[in-house]
Amino acid sequence: MAKQSIFGRISTLMKANINALLDSAEDPQKMLDQLVRDYTNSIADAESAIAETIGNLRLLERDHQEDVQAAAEWGNKALAASRKADELRRAGNTSDADKFDNLAKIALQRQISEENEAKAIAPTIAAQNEVVDKLKDGLNGMKQKLEQLRAKRAELLARAKTAEAQNKVHDAVKSIDVLDPTSELGRFEDKVRRQEALAAGKQELAASSLDAQFTALEDVGELTEVEARLAALKSGATPQQAAIEH
C-alpha cells in the first residue's frame, strides 16, 4: 500500500501543470517554494521505496536462479542414477539397478518440484520488474520537473530583483528631474529666478529714479536761464540781445 501511495503521488505530481498553478497562485514564489519542497520530499520517498522494491526483486531473482540451478542439478543426478542403473542391469545386477532407478525417480521428482517453484515465482518477478521500471520512469520525470521548478523559481527571483532595481532607478531619476517643479533642483531654480527678477526690478527702479534727477536738473537750468534773460531785459537790453548773451 505504501508503494502504491507513493506511485500515486508521483503520478499526481507528474501531471501537475506548473504554469497553471503559478497563474492561480496569490504568491507565485511561495507556491514554487512549496512545490519544490513537495517534489523533493516525494523524490526522497520514491527513492526509498524503489530501493526497497529493487532489493526485494533481487531476492526473488536470486531465489528463482537457485530454483533453476537446483532443478538442473537434480536433473543431472537423475541422469547419473539412471545410467548407473542401466550399467548394473547390463551386468545382470537387477536388484541394485532397481535401486538406482528409484534414486533417479526421486531426483526427477525433486527436479520437477524445483522447476515448479521457479515457474511460480516468474510472474511475480516480471510484475516487480514492471513496477520498478514505472517507479524509475516516474522518479526521473519528477527530477526533471524539480529542475524545471528550480529554474522557474530562479527566473522569477531574477525578474523580481530586476523589477526592483528598475523601480529604484526610476525613483532616483525622478528625484533629480530638473523639469520636475517638485524636485530640489527645480525649487532652487525657481528661487534663483525670483532673485534675478528682484534684482532686475531694483535696477529698473534705480534707472527711473536717475532719469527723474536728470529731468529735474534740466528744469532747473531752464529756470536759471529765464531769470538771467529777465534781468537783462530789465537792464535795458532787447530780447534779441538777452538771447545772444545767454
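Just wondering, is there one or more residues in segment 94-108 that are under 30 Å from residue 57 (Cα atoms), assigned to a helix (DSSP H, G or I) and either in contact with a Leu (Cβ under 6 Å, 6 or more places away or on another chain) or open to solvent by less than 90 Å² (accessible area, probe 1.4 Å) (or both)? Yes: one or more hits. Applying the condition of being open to solvent by less than 50 Å² (accessible area, probe 1.4 Å) and part of a helix (DSSP H, G or I) to segment 23-41 and asking which residue is modelled with the lowest pLDDT yields 28.
Of the set (1) open to solvent by 60 Å² or more (accessible area, probe 1.4 Å); (2) farther than 30 Å from residue 38 by Cβ; (3) at pLDDT 65 or above, all apply to residue 185 but (3).
Within segment 128-163, track down each residue that is of a type in the set (A, V, I, L, M, F, W, C) and over 24 Å from residue 56 (Cα atoms).
Initially, segment 128-163 is screened for residues of a type in the set (A, V, I, L, M, F, W, C), giving 131-132, 135, 139, 142, 146, 149, 151, 154, 156-158, 160, 163.
Correct list: 146, 149, 151, 154, 156, 157, 158, 160, 163.
Looking at 206, 151, 163, just one residue is modelled with pLDDT of 80 or more and loosely packed, with under 11 Cβ neighbours inside 10 Å, and that residue is 151. Annotation note: of 44, 71, 49, 118, the sole residue that is open to solvent by less than 40 Å² (accessible area, probe 1.4 Å), under 60 Å from the mean Cα position of the chain (by Cα) and under 19 Å from residue 132 (Cα atoms) is 49. What about residue 47, is it charged (D, E, K, R) and farther than 15 Å from residue 107 by Cβ? So residue 47 fits the description; yes.
The values are calculated or read from the model by the stated rules, or taken from the named source; none is laboratory data. Just so you know, these numbers come straight off a predicted model, no measurement behind them. Neighbour counts run over all protein chains shown; Cβ positions are idealised from the backbone, glycine included. With ligands, DNA and RNA removed, areas are computed over all heavy atoms of the protein, side chains included. Shrake-Rupley method; radii C 1.70, N 1.55, O 1.52, S 1.80 Å.
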